[in-house]
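Chemist: Mind looking over this structure? Questions follow.
Just so it is clear, none of the values below were taken in a lab; they were calculated from the coordinates. Predicted model, so just to flag it, every value in this text is computed and none were measured. Virtual Cβ from ideal backbone geometry, glycine too; neighbours counted across all protein chains shown.
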Amino acid sequence: MKRPSLQSRFRYWFDNLMSRGTGALVAVLAAVVLLIVIVDAIVILLLNVRLDGVEEDEQVLEVFWVNLLRTLSADDIAPDNGWGYRLAMLAITVAGVFIAATLIGIISGGFNDKVEQLRKGRSAVLESEHTLILGWNSKVVPLVQELSLANQSRRRPAIVVLAEREKVEMEDEIRAKVPDTLGTRVVCRTGDPLDQGDLLLVNPFGARSIIILGDEQHSDPDVRAIKTALALTHHPERPERKLHVVGQVRNSGNAEVATLVGKDEVSWIFATEKFGQITAQTSRQPGLSNVYTELLSFEGCEIYFSDQPSLYGKTYGEVLFAFAESAVLGLTHEGSVIMNPESSHVYAEGEKLVLFAEDDSSIAVSLPQLPDADALQPPVPHEQPPEHTLVLGFNKRVPNMLKELDEYVADGSTVTIVSEVPVVDLVELQHSTVSVVEGNTARRSTLLNLDATAFDHAIVVAYRDDMSVQDADAKTLVTLLQLREIVKEKGATLNVVSEMLDDRNRRLAEVTQTDDFIVSDHLISLMMAQISEHELLADVFDALFGAAGSEVYLRPASWYVKPGVEVDFYTVVAAALAQHETAVGFMCVASDVGDADVVINPHKATKRAFGPGDRIVVLAEN
């Protein structure tokens, strides 16, 4: 191999030096300035020029000083002594102009490089006790909205996002959709959550909680979410303490491996399962969606876990009356959450009450008031008739949704599926008979031929497996509008539940009717935000949305208290308790409580009369 020339080696050395950044450039410039000053000083001394007013033994030092100042400034800072001195000063002044220009360019370039580096989002985050979001999908914006509400009482709260997107792009989208984060700082970094080195950029082990999202730009978001959990829980620098992580997996088929990877550190939300549970319950109960939103949102009241030693030894039935400004939902027992336990259950040390309250400071034991016994309705068994459900559209989540729905309906119920794509993976149901009709759900003629108003409930699902998000939502929106118009023309009553994939389309389709609820990933986002604040809430939501145990029901107020009679909520609680239920709120048809028609956790001493169509929100067995 030919030996490189001296010029080649110098060029290689110089290129490496230049690539070291602004510091190296400034160092080279300083060396050039020093060299020019020394050479010019030697020339002046060789010309035997003497500076006026300077002692002989100080001439050398003074010449160096004057040359340095001339290099940095062209001002006339010393007298000129002859043409030789003038030419030397002119040379060093010209050199100084070039050096100053070069220095400005270097500083400007270094500043621009630093800004560009910061824009790339690769600097380490120094936040602690922050909420960390790993990955990016449509849930980031609602998560930031809800977490900002939750952080209002915290000092210097922060949300940190790490995803494979440009930092500026993430910040711009969040800023555009959440203009006011209520004092919460949002910090974005660009990196791969699967890379254990990139994870260290966002201080994951100093975070208060971690939320894992499946990145939608990848072919299998579930695999990304599970691998992110693996990178996090098996990180070589992780602490010994248990991590607080919540993650989302879409496909229930990945539940086993996700649970294996996350063990007891990751609370997984299985979207397909939750979609089926929420849709099945809301399709049967108009207005239930508003209750769920109230329970899951940080706006207004929230769910708290409270220890009340003064109530030890009292039964659950007695505890229900002990809080005037909080609604008791259940309690923790031996590490698990029990919603609406037996009224005879004795509240003991080590257990915590599950309460719905405006703030933790409002949770206080108060003197209970006696219910109005004359206003109570005697418990009467109510027979459940068969139900007939119309499903418009199809996707892979529908079979699981039908299984959930079958848990609640009586024998003899029917389900009719209308779809323009093949209906697959259906399983035999215990209480319902399923029939399939091929047809375009967005066509008015299809809905008229079905006589859609003959059904009790209608569920419009998105063709999420066969269309783009916007095309699927457009199809859902047209179907929903056609269905509403037909129901209106025939003067019928039909509870409609629709699935929207894009939250913007959900808002577009929403109307004021309580029987038109748009199911989207928004509720999943609310759920994840809640669990990130308290991991025990995962058990609460499993209990509320699952078919086993007690769920949320909206039941006629006339089942509990006499219509038209003013009663306080202590009386309603007593009436529900007599039917082994826990009353937590009410829904009014003609609301006089503002814009909301659902009130959860009313003050128990406030009296009101319930009329026809009004309902009580209770936790009860099916």
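Chemist: Ordered by packing density, taken as the mean number of other Cβ atoms within 10 Å over each peptide's residues, highest first, how do 26-34, 346-354 rank?
Modeler: 346-354, 26-34
Chemist: Also: Check cross-link reach from residue 263 to the lysines: straight Cα distance under 17 Å, and skip same-chain residues fewer than eight apart.
Modeler: Cα-Cα hits under 17 Å: 227, 242.
Chemist: Assign one of three labels to segment 227-301, namely rounded, prolate or oblate, based on the Cα gyration tensor with a ≥ b ≥ c the square roots of its eigenvalues; rounded applies when a/c is under 1.5, prolate when it is not and a/b is larger than b/c, and oblate otherwise.
Modeler: oblate
Chemist: Measuring from label point to label point, each 7 Å out along Cα→Cβ, what is the residue 578 to residue 185 span in nm?
Modeler: The answer from the label model is 5.8 nm.
Chemist: Starting from the Cα of residue 166, step 7 Å along the direction of its Cβ; do the same at residue 410; then give the gap between the two resulting points in nm.
Modeler: 6.1 nm
Chemist: While we're looking at this one, here's another question. Taking 1 over the mean of 1/r across every pair of different Cα atoms in segment 384-447, what Kirkwood radius in Å do you get?
Modeler: Kirkwood hydrodynamic radius for segment 384-447: 12.2 Å.
Chemist: Along the charge dipole of segment 264-422, pointing to its positive end and built from +1/-1 on Cβ of Lys, Arg, Asp and Glu, which listed residue (296, 419, 280) has its Cα farthest out?
Modeler: Selected residue: 419.
Chemist: I would also like to ask the following. Beyond a 22 Å Cα-Cα separation, which of these cross-linked pairs lie in this structure: 139/352; 274/490; 314/604; 274/352?
Modeler: Result: 139/352; 274/490; 274/352 exceed 22 Å.
Chemist: Expressed in nm to one decimal, what extension gain is obtained for the pair residue 26 and residue 436 from 0.36 nm per residue of sequence separation less their Cα-Cα distance?
Modeler: Result: 140.0 nm gained on full extension.
Chemist: Can I ask one more? Assign unit charges at the C-beta atoms only (+1 for Lys and Arg, -1 for Asp and Glu), then state the dipole size of segment 388-521 relative to its Cα centre in Debye, rounded to the nearest 20.
Modeler: 400 debye
Chemist: Then there's this: Let's see if you can work this out: charge +1 on each Lys and Arg Cβ, -1 on each Asp and Glu Cβ, no other charges. What is the dipole magnitude of segment 131-264 about its Cα centre, in debye to the nearest 20?
Modeler: Dipole magnitude for segment 131-264 comes out near 680 debye.
Chemist: I want to check the label-to-label distance for residue 173 and residue 129. Put each point 7 Å from Cα in the C-beta direction and report it in nm to one decimal.
Modeler: According to this spin-label approximation, the distance is 3.0 nm.
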